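Written below as structure tokens is the structure these notes are about.
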Amino acid sequence: MQQQPLSAFRINQEGYAAGLPVRIAFTGEGPLCLKDSGGQVLRRLTPDTAPVDPASGDRVSLVDFGPLPQGTYTLEGAGESRSFTVSRQPWRAVANALIKGLYFQRCGCALCAAHVGPYVHPPCHTAPAVDWLDRTASRRVKGGWHDAGDYGKYVGPGAVAAAHLMYAWLLFPEGCSDDLNIPETGSGVPDILSEAWYELDWLLQMQRSDGAFHHKLTKVLFAPFIMPQEDRETEYLMPTSHCATAAASACLALAARVYRPFDSVFAERALAAARRGWDWLQAHPDFVPFRNPEGVRTGWYGERTDTDDRFWAACELYAATGEAGFREEAEALYARGQNLTRFGWADVGGLGALCCLFGIGEEGGGDILYTRLREDFIRQSEALLPLCQASGYGTALPPDGYVWGSILPILSNAMAMILHARLTGRREMLEAALLQWHYALGLNALDTCFITGFGERPVLHPHHRPSGADGIAAPVPGLISGGPNQRFPYPATRERLAPDTPPARCFLDETPSADTNEIAIYWNSPAVFVAACFNRLQDEKTDEQGG
Ligand code: 9MR
Ligand code: ZN
């Protein structure tokens, strides 16, 4: 599969929604025009000479055509043309696929043709897991999602990913469709919650009898590029950690709230586990960072502090129980200073804010956890707008922000802007968030759709073991690539990129490039949140337009 050359027009390759502004980027010179399907010129303009965008090195103009009626349109300029469509439901399929992407990551069960077409495999990783610190102890740990391109399963990242799904459903239920064709479809539980449950059930099994959570369930080394059922070396329950325990407790307390209407027994189990996790944290106040044991080379997921994780846990436990003790803990942790706009595996202050603002609310949160926190959140997220404005493509990332998995800060910032817009009604915040969704789907320096199976120029060779080993040319669909990374590229990636490659172009659509082109559950999950938001909004707007 050969990619076409980069176009001077960068667009959302899955199209645009009627009712939401159509924005495109133009890297060419001279005039451009927009034509309708009959060839009639609707708009003609000559962008000012654009300054060089520091992240990409491109001279790029962002053009805003405003909302357009449904139809097919053609852009012409710089000697080329490119078409896009505007429709009522442009992102429904991709939003579904992003959730379904997590289904493809399910461990311990067979993936059958009825649900995954050609991407079948028998159950994987079914042997008992051995306790790293007590090799005589072993037990079967079932389920969970493979973390990323590897087959490891990590508690903190898994908890964050499941939380993104639960919050997507809590805030935008209409944006999460219920026809994913997973085994649970039609069960009465929304599909997105059934998918999250698969991870939550695994999380519960990762708790040790004293309440702490194992940091991860992995092997000593990453597997070669083989199918998961062929990966038969021993999986270990690695030592416990503060961050894993706090994140799992937060996530399970949230689950208690979310699943209560569907399965009260499960909700109670989740809450009891969250409480035991919290009690362990209280009994072990001094943070100890997780380190990979000697010889272990699988993912580290190291963090410098657990204050944000504890803050999130205290908020969720308060939201789930209403107990004053949790509220006081959350207030005290908040007083120590929290970044409220981050939603990634390492920084979860944003999830605490999400809980306070939309789960606890004004009455329960009072002066500190609602009024003050809300002001603080609005102030912190305000800073994201100038970040977008400073970027040629409107991307919510500074030029030096292209780290491993740059899609995470981009989508995490989109989440913060969406919440900001929901609190204040500020349209420009929502439109800036929408640009991040467009980025993921092709409006970027690479003219690449970062979601497998979608767009005209999709990622074709993600660093993903099943995609590499299944003998099928097309990668597993619905997985989002980590994207450009200028920080610590692997020597092999570095060799393939010119030394002066601008940050937003440090990307290789090649299987070995884990540092730029891996996929991960916690990159799919914020994309699900953002997709659910825009899947919903455009419905409302098109209805207004009669659309
Ligand atoms: O997402 C992680 C990224 O933030 C780190 O910079 C990178 C290097 O430590 O690791 C990433 O996580 C990987 C994990 O360690 C193992 N599974 C694959 C993950 C995605 O690349
Ligand atoms: Zn597996």
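The values are calculated or read from the model by the stated rules, or taken from the named source; none is laboratory data. This structure is a prediction, so every number in the text was calculated from the model and none was measured. In this analysis, Cβ positions are derived from the backbone assuming ideal geometry, glycine residues included, and neighbour counts consider all displayed protein chains. Areas reflect the complete protein model, heavy atoms only, side chains present, ligands, DNA and RNA absent. Shrake-Rupley method; radii C 1.70, N 1.55, O 1.52, S 1.80 Å.
Efficiency by 1/(1 + (r/R0)^6): what FRET value for Arg487 and Ser37, r their Cβ-Cβ distance, R0 = 60 Å, to the nearest 0.05? The formula returns an efficiency of 0.85 here. The angle separating the long axis of helix 307-321 from the principal Cα axis of greatest extent in the chain is about 80 degrees.
Give the residue list of GluC sites (Glu not before Pro) in segment 285-346 that are DSSP loop and have at most 12 other beta-carbon atoms within 10 angstrom.
Taking segment 285-346 and a limit of 12 other Cβ atoms within 10 Å, the loop GluC sites (Glu not before Pro) found are Glu294, Glu323.
Fully extending the segment from Ala50 to Asp286, taken as 0.36 nm per residue of separation minus the present Cα-Cα distance, adds 79.8 nm. Among residues other than Thr448 with Cβ under 9 Å from its Cβ, the summed charge is -1 (Lys and Arg +1, Asp and Glu -1). Residue ranges 501-507, 263-269 sort as 501-507, 263-269 when ordered by packing (mean number of other C-beta atoms within 10 Å per residue, highest first). Helix 324-335 versus the longest principal axis of the chain: what angle, 0 to 90°, nearest 10, using Cα atoms? Roughly 50 degrees between the two axes. Here Lys35 is the anchor, and the lysines within straight C-alpha reach of less than 27 Å, apart from those fewer than 8 places off in the same chain, are Lys541. Largest first and in whole Å, the equivalent-ellipsoid semi-axes of the chain read 37, 27, 22, each the square root of five times a Cα gyration tensor eigenvalue. Within segment 280-309, find all residues whose amide N lies under 17 Å from a label point positioned 7 Å from the Cα of Asp210 along Cα-to-beta-carbon. In segment 280-309, the label zone of Asp210 (backbone N under 17 Å from the point 7 Å along Cα→Cβ) covers 280-291. At full extension, Ser83 and Asp400 could sit 110.9 nm farther apart than now, given 0.36 nm per residue minus the alpha carbon distance.
Every helix of 4 or more DSSP H residues in the chain counts as -39500 (n - 2.57), and over all residues that averages to -12000 deg cm²/dmol at 222 nm.
Close lysine pairs were tallied over segment 91-304: pairs 8 or more places apart or on different chains with Cα atoms under 14 Å apart number 4. Here the 3J(HN,Hα) profile of segment 199-215, calculated from phi with Karplus coefficients 6.51, -1.76 and 1.60 at θ = phi - 60°, is 7, 5, 4, 5, 3, 4, 7, 8, 8, 7, 4, 7, x, 6, 10, 4, 5 Hz, Gly and Pro shown as x. Segment 38-91 has equivalent-ellipsoid semi-axes of 24, 15, 11 Å, by the square roots of 5 times the alpha carbon gyration tensor eigenvalues, sorted largest first. Protein heavy-atom accessible surface, 1.4 Å probe, per residue over the chain: 37 Å².
For a modelled paramagnetic label at Ala390, 7 Å from Cα along Cα-to-Cβ, the residues of segment 34-56 in reach, with backbone nitrogen under 18 Å, are 51-56. The separation of segment 487-511 from segment 47-103, counted between C-alpha centres, amounts to 25 Å.
Volume per residue for segment 356-503 equals 140 cubic angstrom (convex hull of Cα atoms).
In plain terms, the chain from Asp263 to Glu428 could stretch by 55.5 nm, reckoned as 0.36 nm per residue minus the Cα-Cα distance. Dividing the convex hull volume of the alpha carbon atoms of segment 265-414 by its residue count gives 148 Å³ per residue.
Please state, as a whole number in µm²/s, the translational diffusion coefficient that the Stokes-Einstein equation yields for segment 463-531 at 37 °C and 0.692 mPa s, with Rh defined as the Kirkwood radius across alpha carbon pairs. Diffusion coefficient, whole number: 254 µm²/s.
Quick check: the angle from helix 155-171's long axis to the longest principal axis of the chain, C-alpha only, nearest 10 degrees? Tilt relative to the chain: about 60 degrees. Once each part is reduced to its C-alpha centroid, what is the distance from segment 324-368 to segment 197-214 in angstrom? For segment 324-368 versus segment 197-214, the Cα centre distance is 23 Å.
Its Cα gyration tensor gives segment 91-304 an equivalent ellipsoid; the semi-axes, largest first and in whole Å, are 27, 23, 14.
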